[in-house]
Every structure is written in structure tokens, then in C-alpha cells.
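A quick write-up on the structure given underneath.
We did not get these values from a lab; they are worked out from the coordinates using the rules stated. Every value quoted in this text rests on a predicted model; they were computed, and no experiment measured them. Every residue, glycine as well, gets a Cβ built from its backbone with ideal geometry; the counts of neighbours run over all protein chains shown.
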Amino acid sequence: MGVEAGNIRTGLTETNASATVDRDKALVERAQQGDTEAFGELIERYRGKAHGWVEKMTGDPFMADDVVQDALIRAFLHLGSLTDTSRFLPWLHRIVRNQANMRLRRGGVHRKERPFASLGAAADPDSSRVDWEDLDSILYHLSRTASDAASREHDPAEHLLRKELYETIHALLHCLNKKERGIFKAYFFHQLSPDEIAAMYRMPTGSIYTYIHRSRQKLRKEHIRVALGLVRDKKEGSGMKLSKLLRLPDGNGHGHALGVLTLADSLWRILAILGDRRDMAELTGLSTIAFRMKISDKTTFADGIYVFDWRAAIPEMFQELGCEVSLLCGQLANSPVPLLGAVERFPVVLPIEEAVIPFIRKHIDAGRPVLYFDTQVSRPYVHEWAVICGYDDEKRVVHLTDPMLPEGKVLTYDDVADNPVRFLAGIGRKPESAAGGFSMPAATKKAREQARRSIRFAVDYARNGCGYVPRTSYLGYTSGLAAYDRWIGHLRSSHISPNRYGMGQLSVYYAETKRYAALYLRGVPIEGEAMRMTLLASEAYEHAAEAMEEMSGLVPFIRSSAVLTPELREACTVQLGKAKAFESAAIEYLEKSIALLAEEEGSGR
């Protein structure tokens, strides 16, 4: 009986192991196609196991945090090289082990990291082995034993160099607060153990490790500042802490809680702060957001919503709405950058607040809100557009909007500086807008010209798609009416697993844009037969929106990596087919409207 039970347990274990391998294999294959939700699920499954591997090798749970983070970034970047997708766990284990060994080798012959030695030079008495441009390498050099240092006192040049280095480190330490500085000095200069420091400060040992980790991060940023010759803002040194908060308008311009059109929401809020209360239909129409549609060529990711030329399109959108824009953009080095297709041409920037916070202060102090791309947005979102409406030097935070938090939220200055995608647009009204706008005839003429530009854009985009193409070869997108065919192809393909989360966001997002396209066209200042054609286009867009809303009901916008059933995929395909037919009809009506408007212009009417 015991043997039988053992066999049953063994069989169950083998079955579970096989199911786990199959599940991992499916997730890896989806992740290799670019499905970040699938990769995230893999990481949630194995982060703890990876941490255990590293902690066992190093004996240091905090070093394990760093090693695991580096290993997961490496795994994400190189997942495409895994040919046998059923062997993800051994492959991940090898990456983690290699990263841990690399850290241990940096710790010298003792094979274990000493304080602040993980990124430093090897334990070699020859000072020429020290990288004098690297703070951690310098710290490691300074942490050598007292006897080793004393033996070098006979060399005046070495003695002077060590003295200068100690002065440099002490100069850097001003970025730490009193408690951080005390713990750091005890750990590094006096070489006390975390347990001894914990007893001194009457704190848990884990908290000491946390202080040391945070202090090292602060020192790295301060080292960048010193290397660049940056000086802290005088108002910080003098104790003057400034703050300002612009009053946000109530709501988001939609009249309902969930606003998936966060770029349009941001436009609405920014204009409202500047005293312009145009409705959402006009904003989405004039900015052309209502007429854009883009789908990833890989699967139903939501990233197509965001991939366009931000540096060109955002200023054009605001210019159409009577605003001036100044941009600050970039991407961080050595950091996984979301939406690479949109930001790959951005310059590499430094993760220090001096590179971004003064820009925010300048515009907020002038009463001008700042458009910001937020990668720390609340679930179910992954990243979204937001409006920075204030800052506080005392608390070292900025105030901004969040689609899931009606009251808004705060991010620390470090959060903003460490955002892997840096895109901020300072917004202000044009002089003619601030002075009271145009005369009535001029305003009417301008409104008609804007309407014609928007309609022409809608037709051109539907027929020819978006002209912006990512340089990165493995990223591709289909836009305009052809995006429907790409989307339907993903759902009907036997080789593609549609992304469930992306389906939810795409369907609700494009249902909203098509609804606003209908509303915008209904109110454009066009007359006669051209307006009749435009109204017919509006009705067709309304039907397209209804079809997209039906699909949104089938796949609600929630965070999920669940696989769509064949029946659900086919039901979504039917709704997409209906939406395409209606939008195609809308574009045909708009083409007729354009032709009629051209005739009017030719006849001088």
C-alpha cells in the first residue's frame, strides 16, 4: 500500500512537473513574440526561486536583490536566443548563476562581496587597478585594510592621492541625511558589521541593509553630479524650499470615471487650466486622435496606441489647439525602455533630478502645466499620459494625474528622474490666444480650415496609414483601415496567441475614439452637400463605435494574461468586421465631402 501510494504521488509529481513545463513553454513562446504580460507572469513565478539561488551563493539577501534584477533584465533582452522553449527554468538558472559569479569575482580572492565592492575593482594592492572614474571602484580601494594602507604611507604620492580621494568621498556624503551618513560611515569607513550597526542604532539588521542600499544609490547619482560639475540649487542650500500647485479641473472631460484616452484627457485638463473649456469631441477631432488606429504586427498588444512620432505629433496637436510647446525627452541607459518603437530615437539621458526637475519648476511657476509620460501608473494601466500640475521642494515630490485616481497622486523627484522614458512637454497659450483670440469672421474661417485639415487627415490616415516607422527591425505596426485586417488576422491565425490584456485596452480605446470622431464630424462648420456627406460619415463612425463597444464587452479592459478561446476570438472577429465596414463607409463619405469642398474653393464660394 505504501509503495502504491508512493507511485501515485510520484505520478502526480511528474504530471504537475510536466504541466509546469508546458505552461512555461507557452508563456516563453508568447514572450518571444513580445508579449510582456507573459514575461511578467514568468517572472512572478520564478523571482523568488532566483532570489533563493543567489542568496545561497552569496549569503547576502540584498546583493541577491541586485543580482536578480540584473539577471531578469538580461533574460528579457535575450529571451529570443532560447531555442528550446521547454527549458526556460534551466536557462534562467544559468543566467542568474553567471550574474552572481560575476558579482562574486568582483569581490576578490575571498569570493564574497565586501562592503561596496560588488561593482569595484579586484582586491589588488596595485592602485593602477582602480577605476578612478567609478565611485564603487574608489570606495573599494579605500576600504582596504588599515595595515595595507599603512604600508603605503611611505609613498608621498600615494598618501596624497588617498587623502584627496577621502576628501572626495566626504564631499559626496552631503547628499545623505544625518542618519544615512552615520550608518554609511560606520559600515564603510569603520567597517562595522550590519549587526553591530543595528545594535548601535537600535534598529533591525534588515533596516540597516536598506539604509546602506539607498545610500549607495544616492551616492551614485551624486557622483554623476560632481563629475559633471553640477551644483545643487542654491535655494536648497539656503533652506528655501519652494512649491506650487496648479488647480486641476474636476473630471476628465468624458463624464465617466474610466478615461482610456489619457492623451486626450491630458489635452482637456491642460487647456482647462489655461482657461480653454473646449469639449472632448473637438479636442480629439482637431488633434486627430479620433482618427488614428494602429495595431502591432506581432499580436494584439496595446502598444500601437502609443507608437507615433511624439516629438513631431505632440507639438502639432497642441499647435492646432492654439498652444506653444517646449519638449524635454530622452531615455535612460542600461534600463529596459517600454514602448521602444516610440522612443528609440530619443537621446540617452542621465538619471539625475537636475536634468528634469528645473524644467518642471520653470513651467509650473509660470502657471503652465506639463504633459508627462508616466510609467508608474495605477493598474490596470501599464503606462499612460499624465499632467504634472505642481511640485514641492520640501517634500521632493511632483503632483500629477492618474487615470485610476481622481484625486491625483505624487511621485518623488527620484521617481521622475529614474523614469526610463523621459518625455515632458511644457504647455502655454500662444500670444493671439491669450490676447482674446481672433475676430468673429477670422475665427470662423480658421475653424473651417481646421475642420478641413482634420477631415483630410482622417482620409489620408485611413488610406495610407501612419508615416512613422520604428527603426528597430523587429517592431512593426499596421495603421489606418488596414489595421482591421491585421487585427482580424491575429485572431484567426493558428500561429499567434492574441494578447488578452491588449485586446481589452484596444477595444475600449478605439470604441472611444470612433465615438468622438462621430461627435466631432457632427459639429464641424461646413455647409451644404459637403456637410450632408460629413453627417453620413458621422453616422457610420457611430455604428463602428457600437461594434467596437460590443467587442469591448466580450473582452473587458482588465489586467490578465488569460488565453482567448476560439469561440471568443471568432466573436471578436465578427465585431471587427462590422466596425471596418462602417468605418470604410465613413471614409468614402469624407472623400466625397473633400471633393465637394474642393469644388467650392475652385468656384470661389
* **Cross-link table K25/K298; K294/K578; K25/K49; K244/K294; K221/K409, entries beyond 27 Å C-alpha to C-alpha** => K244/K294
* To do: Just rank Y461, Y474, Y372, fewest to most, by other beta-carbon atoms within 10 angstrom.
  => Y474, Y461, Y372
* Structure fact -> A correct Karplus calculation of ³J(HN,Hα) over region 407-420, with 6.51 cos²θ - 1.76 cosθ + 1.60, θ = phi - 60°, whole Hz and x for Gly and Pro, returns 7, x, 8, 10, 10, 6, 4, 5, 4, 5, 5, 8, 4, x
* To do: Return F557, F76 ranked ascending by Cβ neighbour count within 10 Å, so the fewest neighbours appear first.
  => F76, F557
* Asked: For region 17-105, max minus min Cα coordinate along each principal axis, in Å, sorted largest first?
  -> 34, 26, 20
* Structure fact -> Heads up, region 489-563 by the C-alpha gyration tensor (a ≥ b ≥ c square roots of eigenvalues; a/c under 1.5 rounded, else a/b over b/c prolate, else oblate) looks prolate
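Arrange H51, H495 by Cβ neighbour counts within 10 Å, fewest through most, would you? Let's see the in-between values first.
Values: H51 17, H495 7.
Ascending Cβ contact count within 10 Å gives the list H495, H51.
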* Asked: How far is it, in nm, from the label point at K25 to the one at S193 when both lie 7 Å from their Cα along the line to the Cβ?
  -> 4.8 nm
* Convert each backbone phi in region 278-284 into a coupling constant with the Karplus relation 6.51 cos²θ - 1.76 cosθ + 1.60 (shift: θ = phi - 60°), then list the ³J(HN,Hα) values in order as whole Hz, x for Gly and Pro. => 5, 7, 5, 4, 5, 5, 6
* Asked: Once fully extended, how much extra length lies between F76 and D365, figured as 0.36 nm per residue of separation less the alpha-carbon to alpha-carbon distance?
  -> 100.0 nm
* **Cα shape, region 436-532, gyration tensor, a/c 1.5 rule** => prolate
* Any chance you could run the full-extension gain for R202 through Q32? It's 0.36 nm times the residue separation minus the Cα-Cα distance, nm to one decimal. => 56.3 nm
